[in-house]
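No value in this document is a laboratory result; all are computed from the given coordinates. Just so we're clear, the structure is a prediction, and the values are computed from it rather than from any experiment. A quick note on method: Cβ atoms are made from the backbone with ideal geometry, for glycine too, and the neighbour counts reach across all protein chains shown.
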Amino acid sequence: MQKLLCFFVLWMGMVFAVPAVHAQNSSDPDLAMKHALYTKYRKEVLAYDKKHYDELFFAFFEKQNDPTITLAKEEYYTYTIKIAIYSEKLGMLYKDQKEVAEQTKREWFDKRYEAYLQSKK
């Protein structure tokens, strides 16, 4: 019974705390899309190993820097949100790096598609 209660409390914390953490930048017009992607991919990315993450990271930078490719908004945010989630995972694994991991997560979560498009010009 005690384990069930602990699980419920942790689950409720995740349900209410995660959106609050990301709501800091509520002027972002793509915030709803980012939250949806975060919810969709969180469990998957938390299961990534280093090799899988490296493949994701390098694929993103190859596509981002290729002048012949322009990522669609959802594809761009899928990459950035997955990288943000992996940063969150690192903060959970390495408690002494939690602050750095949270800052990195925020930076990736706060990326804007409009800035990406501007960099393509």
Those chymotrypsin sites (Phe, Trp or Tyr not before Pro) from region 43-119 that are DSSP loop and have at most 14 other Cβ neighbours within 10 Å turn out to be Tyr94
Taking Lys and Arg as +1 and Asp and Glu as -1, residues besides Ala84 with C-beta under 12 Å from its C-beta add up to +3
Residues other than Glu102 with Cβ under 14 Å of its Cβ, Lys/Arg counted +1 and Asp/Glu -1, net out at 0
Semi-axes in Å, largest first, for region 23-121 (Cα gyration tensor, √(5λ)) are 22, 17, 12
XL table Lys40/Lys121; Lys73/Lys120; Lys63/Lys89; Cα-Cα > 20 Å flagged, in table order, is Lys40/Lys121; Lys63/Lys89
